[in-house]
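Reviewing the structure listed below.
The values are calculated or read from the model by the stated rules, or taken from the named source; none is laboratory data. Keep in mind that this is a model prediction, so the values were computed, not measured. Heads up, the Cβs are rebuilt from the backbone with ideal geometry, glycines too, and the neighbour counts pull from every protein chain shown.
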Amino acid sequence: MSNIFNIRPNNGKQHGFLSLFILHSVKKQPKTDYDLIAKIKEKTEGTWRSSKRTMHPFIKKMFELT
């Protein structure tokens, strides 16, 4: 069963909504880790909170996949 929170493109690399949101957000205007954390916290009304220690490796890994 596929998970709606993950998208698997033809090349087999899996990207979820967080990855898509980050790519969309950075495309509109370059942002730092802190900017992304604040924007995600704002958009989720504080439901999702992260630290730079979590976000930075996630972003690094995400861009290694592209």
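Couple of notes before you dig in:
- Summed over segment 1-47, residues that are modelled with pLDDT of 80 or more and not small (Gly, Ala, Ser) total 26.
- Subset tally (residues that are part of a loop (DSSP other than H, G, I, E, B) and among the aromatic types (Phe, Trp, Tyr)) for segment 28-49: 1
- All positions within segment 44-62 that are surrounded by 12 or more Cβ atoms within 10 Å (Cβ to Cβ) and hydrophobic (A, V, I, L, M, F, W, C): Met55, Phe58, Ile59, Met62
- Residue pairs meeting the criteria (Cβ under 6 Å; at least 6 apart or on separate chains; first hydroxyl-bearing (Ser, Thr, Tyr), in segment 46-65; second modelled with pLDDT of 80 or more): Ser50/Ile37
- Any hit, segment 50-59, residues being modelled with pLDDT of 80 or more, part of a helix (DSSP H, G or I), of a type in the set (Ser, Thr, Tyr) and in contact with a Leu (Cβ under 9 Å, 6 or more places away or on another chain): no
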